[in-house]
1. Quickly run through segment 13-25 and pick out the residues that are more than 20 Å from residue 84 (Cα to Cα) and either of a type in the set (D, E, K, R) or within 15 Å of the chain's Cα centre (by Cα) (or both).
2. Looking at 11, 7, 67, 59, which one is touching a helix residue (DSSP H, G or I) at 6+ places or on another chain (Cβ under 8 Å) and at pLDDT 95 or above?
3. Any residue in segment 1-15 that's within 14 Å of residue 117 (Cβ to Cβ): show its pairings with residues that are among the charged types (D, E, K, R) and surrounded by 13 or more Cβ atoms within 10 Å (Cβ to Cβ) at Cβ separation under 7 Å, as long as the two are six or more apart or on different chains.
4. Which residues, counting only those in segment 22-77, are open to solvent by 40 Å² or more (accessible area, probe 1.4 Å), in a helix (DSSP H, G or I) and in contact with a Lys or Arg (Cβ under 8 Å, 6 or more places away or on another chain)?
5. Search segment 51-69 for residues that are among the basic types (Lys, Arg) and pair each with any residue that is outside any loop (DSSP other than H, G, I, E, B) when their beta-carbon atoms are under 7 Å apart and the residues are at least 6 apart or on different chains.
Amino acid sequence: MPYAQGLMEQLIASCGRCHVVDKPFVKHKVYSWLPSKVEVLAVGESPPPERKDNVFYNLKLFDRLRLSMKLILNIEDDRDVLRQLKKSSTFLTAAVKCRPPSLKDLQSMRRNCAYTLREELKLLKPESVVAMGTTASASIAEILGLKPPQRLDGVFQVEAGSLKVAFTPHPNYIFRFRRDLAPKLRALLLQAHK
């Protein structure tokens, strides 16, 4: 998917809709982890806010989301998390691609970044989408014209045309409070690999 990689990196790099700390999706070449065909698009929230360099795809630093995904996928090595997702035709993206200056900027950035996520959906053409957390759920629901779940304390599945959509709590929430949901999220993320 070199074409998709280049297009998404260019779209993010050229965006100036928000005041941001940095653009980790470009800086860390996130789209180099695209599988040849994306069957499952997993959508998280955003890179951690404020001046940091940690992000899911930066294997040089600790990242809480990657830690949570290791538990959910039952994998011990950080790099193996990324390898397993790619092998399973799953790509983990974010509703907000750039690093917010603070948590209070997240919702305005989410609205501004909906266009980029919409273009990503069109370009990657996944068979299913897993929106993980309230920010991701709000963006996916807005883009697909769906009503987001009132509460994200479980896994909720719907269809938008031929697209299967699941709304789940954020992986960090599952790690801390609802480990019983880990097998359900694992099944959604690795469904193409069954």
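The values are calculated or read from the model by the stated rules, or taken from the named source; none is laboratory data. Because the structure is a prediction, the values reported are computed rather than measured. Every residue, glycine among them, receives a Cβ derived from its backbone with ideal geometry; neighbour counts consider all protein chains shown. Accessible surface is based on the protein model in full, side chains and every heavy atom, while ligands, DNA and RNA are left aside. Shrake-Rupley method; radii C 1.70, N 1.55, O 1.52, S 1.80 Å.
1. Of everything in segment 13-25, those that are more than 20 Å from residue 84 (Cα to Cα) and either of a type in the set (D, E, K, R) or within 15 Å of the chain's Cα centre (by Cα) (or both) turn out to be 17, 22, 23, 24.
2. Working: 11 fails: at pLDDT 95 or above; 7 fails: at pLDDT 95 or above; 59 fails: at pLDDT 95 or above.
On inspection, the qualifying residue turns out to be 67.
3. Listed by first residue and then by second, the contacts come to 8/120; 11/119; 12/23; 12/97.
4. Matches in segment 22-77: 33, 71.
5. Between residues of segment 51-69 that are among the basic types (Lys, Arg) and residues that are outside any loop (DSSP other than H, G, I, E, B), the close pairs are 64/172; 66/78; 66/81.
For every residue, the table says whether it meets (1) of a type in the set (Val, Ile, Thr); (2) at positive phi; (3) out of contact with any strand residue (DSSP E or B) (no Cβ under 7 Å at 6 or more places or on another chain).
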position: 135; (1), (2), (3): yes, no, yes
position: 142; (1), (2), (3): no, no, yes
position: 149; (1), (2), (3): no, no, no
position: 164; (1), (2), (3): no, no, no
position: 167; (1), (2), (3): no, no, no
position: 170; (1), (2), (3): no, no, no
position: 177; (1), (2), (3): no, no, yes
position: 182; (1), (2), (3): no, no, yes
position: 185; (1), (2), (3): no, no, no
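Conditions tested, residue by residue: (1) more than 24 Å from residue 16 (Cβ to Cβ); (2) open to solvent by less than 10 Å² (accessible area, probe 1.4 Å); (3) not hydroxyl-bearing (Ser, Thr, Tyr).
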residue	(1), (2), (3)
89	yes, no, no
99	no, yes, yes
104	no, no, yes
111	no, no, yes
117	no, yes, yes
121	no, no, yes
130	yes, yes, yes
136	no, yes, yes
